[in-house]
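One structure below.
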Amino acid sequence: MRSWSRWSPGDDVLTFSPKLVALDIDGTLLVNSPDTGQVEELITAPVVAAVNRAYDAGAHIVLATGRSTFGITRIWELLGLPRDGRRTISVASNGSVTFRYPPVEVRSTETFDARKIVLMLLEEVPNAAVAVEEVGVGYRLNRPFPDGEITGEMVLQSVEELVAEPVTRVIIRDPHSSEEEFLALAEKVGLQGTNYFIGWTAWLDIAPEGISKASALADVAAELGIDQADVLAIGDGRNDIEMLQWAGRGVAMGQSPLEVQEAADDVTETVSNDGVAFELSRWFPVDGTPGGVTGDVVRRFVATLEARDWDGWSALLHEDVVYELPQTRERVRGRDTLLRFNREFPGDWHLRAKRVVADGEHGVLWLAARVGDSAEGDAVAFLTVVDGLVTEVVEFWPAGYEPPPGREHLTERW
């Protein structure tokens, strides 16, 4: 992740307020099967509620996906958006198409000459299915795709007919090959002059050079008068990498491939565990409930500590805060002492909030910690937050241990 480089939680976590929220669909809003990639077009209630809270708070919601236009409108319906006679903008076909809705009004298209690339790829995988997009209609294709993978009107044509004119998008699909084989194919062929993405299996999505979700979102944000720094983007696939890197805050879903997580500023829960809702609740908590405030304080507690933003971190602590480690039978009393305890803690340590659950004045934190390049280890902390300040922290690690020497002057034992 980029959490320890470009994203500076110590400063931004206190001031970041997303004005545009860009959401991938498959694997982000919708759960897809790890074996087939097929999705069930159902969005869970917590995710729908979180997206609507962001919308009601004034954030522009943009769906940014590899889907074509006719595969996106149903998702807006599932979200119950837009409302109040407003229209939304969607990024379709990995950035090659943008449109307003409702009704569908194509806003922009980008095309390229795909003939040379398609013929070159078919020399390597002669039995592959090829589809080119007909914006707002469906696809022209040389042979049928597996059921359910693409939707809309289907017209069978020869390969020469498919690539006779510039197109917005080309999909190469071989049900008999693997994702790894297509990754090797893309590297072997080179695909100069295009932007391409490998999907969840032997699926190669080719777009015009320089066109991606990021480039389309930059154009949308400019129209809306929104700075790049005020964009929150969430996605799970390789076609989301540019978007996550471009956005002011890019968040990868918990089940994302490693290269996607490494491109992001942070990693949320998996799609099966409502990762979008967890991330959005950080910035758009449930209005009027103490649990929303508590969850936000707990997340800031970790982020400012990770950033060594000692002023920001201590500002979250009550002056009489109590920190306990039952496994070492240590207790630290008071804000100033706890601040010193952490400032003097040895090693190149790093922390990450994997999950936060809050209810009223109580928060539970699932914490990932590492030192240097070591593997992450898990801990669980229970925090009490009163009037926006942390009054108590009780922290548990997987196994008991004796406290290291050198901090006796800051702790008491029982």
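The values are calculated or read from the model by the stated rules, or taken from the named source; none is laboratory data. Owing to the predicted nature of the structure, the values given are computational and were not obtained by experimental measurement. Reconstructed Cβ throughout: ideal geometry from the backbone, glycine too, with neighbour counts over all protein chains shown.
Key figures for this structure:
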| read-out | value |
| --- | --- |
| Criterion violated by Thr411 - all others in (1) over 17 Å from Gly295 (Cα atoms); (2) buried (at least 17 other Cβ atoms within 10 Å of the Cβ); (3) out of contact with any helix residue (DSSP H, G or I) (no Cβ under 9 Å at 6 or more places or on another chain); (4) at pLDDT below 95 satisfied | (3) |
| Residue among Val380, Val371, Val332, Val390 that alone is among the hydrophobic types (A, V, I, L, M, F, W, C) and under 17 Å from Val293 (Cα atoms) | Val390 |
| Test: residue in region 69-83 that is more than 19 Å from Leu224 (Cβ to Cβ) and among the acidic types (Asp, Glu) | yes |
| Pairs, first aromatic (Phe, Trp, Tyr) and surrounded by 18 or more Cβ atoms within 10 Å (Cβ to Cβ) in region 316-336, second in a strand (DSSP E or B) and modelled with pLDDT of 95 or more, C-beta under 6 Å, six or more apart | Tyr323/Val332; Tyr323/Val393 |
| Test: residue in region 395-411 that is in contact (Cβ under 8 Å) with a residue 12 or more places away in the chain and under 20 Å from Arg300 (Cβ atoms) | yes |
| Region 101-118 - residue that is among the acidic types (Asp, Glu) and assigned to a loop (DSSP other than H, G, I, E, B) and, of those, surrounded by the most Cβ atoms within 10 Å (Cβ to Cβ) | Glu110 |
| Test result for Leu121, surrounded by 15 or more Cβ atoms within 10 Å (Cβ to Cβ), outside any helix (DSSP H, G or I), in contact with a strand residue (DSSP E or B) (Cβ under 7 Å, 6 or more places away or on another chain) and not β-branched (Val, Ile, Thr) | no |
| Given (1) in contact with a strand residue (DSSP E or B) (Cβ under 9 Å, 6 or more places away or on another chain); (2) surrounded by 12 or more Cβ atoms within 10 Å (Cβ to Cβ); (3) among the charged types (D, E, K, R), index of the condition Asp359 fails | (1) |
| Boolean, Asp378 is part of a strand (DSSP E or B), in contact with a helix residue (DSSP H, G or I) (Cβ under 8 Å, 6 or more places away or on another chain) and surrounded by fewer than 16 Cβ atoms within 10 Å (Cβ to Cβ) | no |
| Where a residue in region 127-143 is buried (at least 19 other Cβ atoms within 10 Å of the Cβ) and its partner, wherever it lies, is among the acidic types (Asp, Glu) and part of a loop (DSSP other than H, G, I, E, B), with Cβ under 7 Å and at least six apart | Ala128/Asp174 |
| Subset of region 6-33 (residues that are farther than 26 Å from Asp219 by Cα, assigned to a loop (DSSP other than H, G, I, E, B) and modelled with pLDDT under 70) | Ser33 |
| Criterion (at pLDDT below 90 and not in a helix (DSSP H, G or I)) met by exactly one of Thr36, Thr98 | Thr36 |
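Here is a yes/no grid of residues against (1) under 12 Å from the mean Cα position of the chain (by Cα); (2) among the polar types (S, T, N, Q); (3) surrounded by fewer than 21 Cβ atoms within 10 Å (Cβ to Cβ):
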position	(1), (2), (3)
Ala221	no, no, no
Ser256	yes, yes, no
Val260	yes, no, no
Phe284	no, no, no
Val293	no, no, yes
